[in-house]
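The structure appears below as structure tokens.
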Amino acid sequence: MGNVATTALAPVAHDLSLWSLFLMADWVVKGVMISLLLASIWVWAIILEKTVSIGRARRAADRFEDSFWSGGSLEELHGREGENPSHPLASVFGAGMREWKRSAGRALTSDLAVTGLKERVDRAMQVAIAREMERMERWMVFLATVGSAAPFIGLFGTVWGIMNSFSAIAGMQNTSLAVVAPGIAEALFATAIGLIAAIPATIAYNKLATDLARFAGRMEAFAAEFGAILSRQSEAAAEAPRRAAE
């Protein structure tokens with residue numbers, strides 16, 4: 001009899017492994033966990049893709065700027081890079097060159113015409129910058145959303161799981177730690193998964209947003225310098241007939 005009583009009073013063994021916690025969870029909590037895990041996988045896919053693409057764009061921009069400032073012909077560079085751009089900086093250069101070639105064929109007989117050409121070239125390059133940045137910033141909103149919302153989604157799963165656990169405890173009329181712990185653990189597991197998804201998303205968003213802002217500034221600076229070069233060439237072209245007439 002003593003052995004039987006001891007066995008009856010012994011705490012029930014519970015498997016608290018992560019897989020068991022998932023299997024024991026309520027279907028709502030399971031749905032939350034699965035959603036957060038899928039979001040975490042997609043977050044890491046975005047992080048890898050953005051890291052590779054930004055690094056590739058930087059290296060291509062370095063090579064392009066070396067060619068641009070080497071003193072070679074802008075026409076040859078446009079034919080080689082600007083007609084079929086393979087990276088953002090070449091797209092900005094190509095947009096500026098196309099607008100300049102389209103308008104420079106007309107006679108520039110006044111300062112007003114030169115100013116109008118400069119404005120059109122600048123506008124074309126700004127449009128190209130906006131288009132390239134929109135492409136490069138794709139899925140950044142998803143990172144921000146996961147970083148801010150995932151902890152609350154996990155918390156919802158935790159609250160739901162704890163409510164179910166307390167309901168089960170009330171029905172069993174047993175508040176021992178051995179009975180309470182498994183339900184609380186599986187509920188808190190949802191919050192843990194939410195943090196696993198949110199923390200990398202938040203860190204990556206801040207890092208990638210900074211890198212993208214720097215690259216956008218680089219394109220803005222290039223557009224300003226290139227616009228100044230084209231403006232000087234336009235002014236020189238407009239001034240040549242006047243000097244010839246004198």
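Structure notes:
- Rough spin-label spacing in nm, given labels placed 7 Å along Cα→Cβ, for ARG59 and ALA130: 3.2
- Given their separation in residues at 0.36 nm each and the Cα-Cα distance between them, ALA236 and TRP27 gain 67.8 nm when the chain is fully extended.
- Label-point gap, in nm, between GLU119 and ARG214 - each point 7 angstrom along Cα→Cβ: 3.6
- Segment TRP139-ALA170, length gained on full extension (0.36 nm per residue, minus Cα span): 6.6 nm
- Computed lengthening from LEU38 to SER67, 0.36 nm per intervening residue step minus Cα-Cα distance: 6.1 nm
- √(5λ) per eigenvalue of the Cα gyration tensor, segment 27-143, largest first, Å: 42, 18, 8
Here, each number is a calculation from the coordinates, and none is a lab measurement. A quick note: this is a predicted structure, and the numbers were derived from the prediction, not measured. Glycine also receives a Cβ, built like all others from the backbone with ideal geometry; neighbour counts cover every protein chain displayed.
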